[in-house]
Amino acid sequence: MTRSSLDFSASDFRLLLDQAVALVLDQFKDLDNHKAYHFFPQKELASWFDQPVPVKGMDVAKLLEEVKQQVLDTATGNLGPHMYAYVMAGGTQVSILAELLAATVNQNAGKWHLAPAMNEIEKRVVQWGSAMIGYGKEVAGVLVSGGSAANLAGLTIARNIFFEKQGVRTKGLFGMPPFIVYASSEVHGCVDKSLEQLGIGTNNLRKIQTKSDFTMDLGALEKQINLDRASGFLPFCIIGNAGTVNTGAIDDLEALALLAQKQELWFHVDGAYGGLAASLDTLKAKYKGLELADSVAVDFHKWLYQPFEAGCIMVKDWDTLRRAYFKKADYLDTAFERDKGRLDFNEHHFQLSRNAKGLKIWMSFKAYGLSAFQEMIQKDIDLARYLADQVEESPDFELHARSDLAICCFRYRGTLREREDIEQLNKDLIAALEEDGRVFITGTKLHGEFVLRACLINHRKQKHTVDYLLEVIRDVAKTSCTTS
Ligand SMILES: Cc1ncc(COP(=O)(O)O)c(C=O)c1O
């Protein structure tokens, strides 16, 4: 192959593209029988990559073959239907096209004139996302890496705007009374991390108890806010869950919004997992109050089935973002531009250089249409209900939590009767199932008890793949777990 600078001739590049396309198509073969996990001991896997920095380049056709064997064919099976761990979506084929094209033009979406079309696409995607979840027409927002980054952004904006008069951006938090954030005990750990980063500290996050359905206990919340005020603390923000990571519980967002208004607090909603399900008519009532939030975090790499990364923070107007983030720098100044109306993302968000995440989301919306996504989200939810029904009807399983969304928490118990034995069996199962690799599932704790947690967020899942999950769990428990 011939190369000038770092580029190949057009004909050689075409050959490489063709080879890459063949690798892509290969990944979609026989998805039903894809392994969900390829178990290799860490040391063995690390040894494949144990090489010094290559000084001379290698043949790229051979390199692609190496990538196929070591990376693609060993990849954790997010594409296939047997992934149930964490919140892993299957990706869309249109996004694969978009990622290739976005990498080709290599746009920096941080400033408008560096990526004009990509910037307008990103603003449009934020508007479509807002319309999808019913957040309203008045919206401003930025695409970020994921739910953690979106929640960090929401809480940063909350802190900077809420304490604007105190000059917290320049003076920091020094000299301020401790100010308090409220969320349910089911809130995602990225909120703890965010508060650590923001200098607020996790001691000032009040994790309010939940009711039996894992939604926040509003009476306990109000009592805590009043107690904190009486003790000289400064309540400042309530976080509502629009779908918890453990069970998909949706807090009473309307009640939280009204309480936040009454108490003059910022209202942030973590909709990273469940936010996009607000677009379903069957669930609209559950999300009432979302439209009143000051800021909302959503994840398009969850229920819009986008490849990683694609999170989004939304607020009501651009001025809020600018007040939270704008910093003047001579080398970035575009005040002299003649074309007014341009909006620079770097003035409305922390990052300067940013990739163009919007293209894959925009192309997916256009290619499939909102209704196709709504259908797939509903299918995931129906399948989670189907799984819960199967578990409930099987004497060798026990159901621990159903969900309005697409999560089901349960345990395999076989013929065991003692709680400790059942708990140990399910802990053992996690590692045994990983080694087996036919399905991939992880666990969590509900009310202090360890349970298996299946999250169904993959448009390729069917009823028979859900049946297969239970079959494999039974099989692995019997063959690989001494406790069973
Ligand atoms: C409710 C909730 N919030 C935040 C996050 C973090 O999102 P990400 O993994 O995209 O950073 C998750 C991830 O599962 C989540 O379920």
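The values are calculated or read from the model by the stated rules, or taken from the named source; none is laboratory data. Remember, it's a predicted structure, so these values are computed and weren't measured experimentally. Neighbour counts are summed over all protein chains in view; Cβ atoms, including those assigned to glycine, are modelled from backbone coordinates with ideal geometry.
A compact table of results
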{"read-out": "Selection from region 417-443 of residues that are out of contact with any His (no Cβ under 9 Å at 6 or more places or on another chain), of a type outside the set (A, V, I, L, M, F, W, C) and within 22 Å of HIS38 (Cα to Cα)", "value": "ASN426, LYS427, ASP428, GLU434, GLU435, ASP436, THR442, GLY443"}
{"read-out": "Of residues in region 91-126 being in a loop (DSSP other than H, G, I, E, B) and surrounded by fewer than 21 Cβ atoms within 10 Å (Cβ to Cβ), the one nearest to the ligand (Cβ to nearest atom)", "value": "GLY110"}
{"read-out": "Listing of strands (runs of 3 or more DSSP E) fully contained in region 378-484 that carry 1 or more residues being under 24 Å from THR74 (Cα atoms)", "value": "442-446, 449-455"}
{"read-out": "Yes/no for GLU120 being more than 30 Å from ASP12 (Cα to Cα) and not assigned by TED's automatic domain parsing to the domain that holds ASP380", "value": "yes"}
{"read-out": "Residue check, LYS427 touching a residue at least 40 places away in the same chain (Cβ under 8 Å) and among the basic types (Lys, Arg)", "value": "no"}
{"read-out": "Residue within region 195-210 that is surrounded by fewer than 19 Cβ atoms within 10 Å (Cβ to Cβ), in contact with a Ser or Thr (Cβ under 8 Å, 6 or more places away or on another chain), closer than 30 Å to GLY110 by Cα and among the basic types (Lys, Arg) present", "value": "no"}
{"read-out": "So ALA36, is it under 30 Å from LEU429 (Cα atoms), in contact with a strand residue (DSSP E or B) (Cβ under 6 Å, 6 or more places away or on another chain) and not hydroxyl-bearing (Ser, Thr, Tyr)", "value": "yes"}
{"read-out": "Top-ranked residue in region 248-266 [being more than 16 Å from the ligand (Cβ to nearest atom) and not aliphatic (A, V, I, L, M); ranked as surrounded by the most Cβ atoms within 10 Å (Cβ to Cβ)]", "value": "TRP266"}
{"read-out": "Subset of region 355-367 [hydrophobic (A, V, I, L, M, F, W, C), buried (at least 22 other Cβ atoms within 10 Å of the Cβ) and farther than 30 Å from THR247 by Cβ]", "value": "ALA356, LEU359"}
{"read-out": "Out of GLY147, GLY134, sole residue that is touching a residue at least 12 places away in the same chain (Cβ under 8 Å), within 26 Å of the chain's Cα centre (by Cα) and surrounded by 15 or more Cβ atoms within 10 Å (Cβ to Cβ)", "value": "GLY147"}
{"read-out": "Check on VAL245, within 14 Å of the ligand (Cβ to nearest atom), outside any loop (DSSP other than H, G, I, E, B), in contact with an Asp or Glu (Cβ under 9 Å, 6 or more places away or on another chain) and β-branched (Val, Ile, Thr)", "value": "no"}
{"read-out": "Number of the exception - GLY134 against (1) closer than 30 Å to GLN27 by Cβ; (2) touching an Asp or Glu at 6+ places or on another chain (Cβ under 6 Å)", "value": "(1)"}
{"read-out": "Residue within region 339-360 that is within 16 Å of the ligand (Cβ to nearest atom) and either touching a Lys or Arg at 6+ places or on another chain (Cβ under 8 Å) or free of Cβ contacts under 8 Å to residues at least 24 places away in the same chain (or both) present", "value": "no"}
{"read-out": "Any hit, region 24-42, residues being among the hydroxyl-bearing types (Ser, Thr, Tyr), in a loop (DSSP other than H, G, I, E, B) and either closer than 21 Å to LEU433 by Cβ or in contact with a Cys (Cβ under 7 Å, 6 or more places away or on another chain) (or both)", "value": "yes"}
{"read-out": "Complete set of residues in region 271-290 that are surrounded by fewer than 19 Cβ atoms within 10 Å (Cβ to Cβ) and either over 23 Å from TYR86 (Cβ atoms) or of a type in the set (Val, Ile, Thr) (or both)", "value": "ASP281, THR282, LYS284, ALA285, LYS288"}
{"read-out": "One residue from GLY146, GLY134 being within 16 Å of the ligand (Cβ to nearest atom), assigned by TED's automatic domain parsing to the domain that holds ASP299 and either modelled with pLDDT of 95 or more or among the polar types (S, T, N, Q) (or both)", "value": "GLY146"}
{"read-out": "Filter result for GLU264 (on the phi > 0 side of the Ramachandran plot and either modelled with pLDDT of 95 or more or touching a strand residue (DSSP E or B) at 6+ places or on another chain (Cβ under 7 Å) (or both))", "value": "yes"}
{"read-out": "Which numbered condition LEU370 misses (of (1) aliphatic (A, V, I, L, M); (2) buried (at least 17 other Cβ atoms within 10 Å of the Cβ); (3) under 17 Å from ASP281 (Cβ atoms))", "value": "(2)"}
{"read-out": "Qualifying residue in region 270-288 (condition: assigned to a helix (DSSP H, G or I), away from the ligand (no atom under 14 Å from the Cβ) and of a type in the set (S, T, N, Q))", "value": "yes"}
{"read-out": "Verdict on THR156 being within 16 Å of the ligand (Cβ to nearest atom), of a type in the set (Val, Ile, Thr) and either in a helix (DSSP H, G or I) or in contact with a helix residue (DSSP H, G or I) (Cβ under 6 Å, 6 or more places away or on another chain) (or both)", "value": "yes"}
{"read-out": "Tabulated pairs, region 197-211, first assigned to a helix (DSSP H, G or I), second surrounded by 13 or more Cβ atoms within 10 Å (Cβ to Cβ), C-beta under 6 angstrom, 6+ apart or interchain", "value": "THR202/ASP192; THR202/LEU195; ASN204/PRO178; ASN204/ILE180"}
{"read-out": "Selection count where residues are within 16 Å of the ligand (Cβ to nearest atom) and part of a loop (DSSP other than H, G, I, E, B), scope region 225-242", "value": "0"}
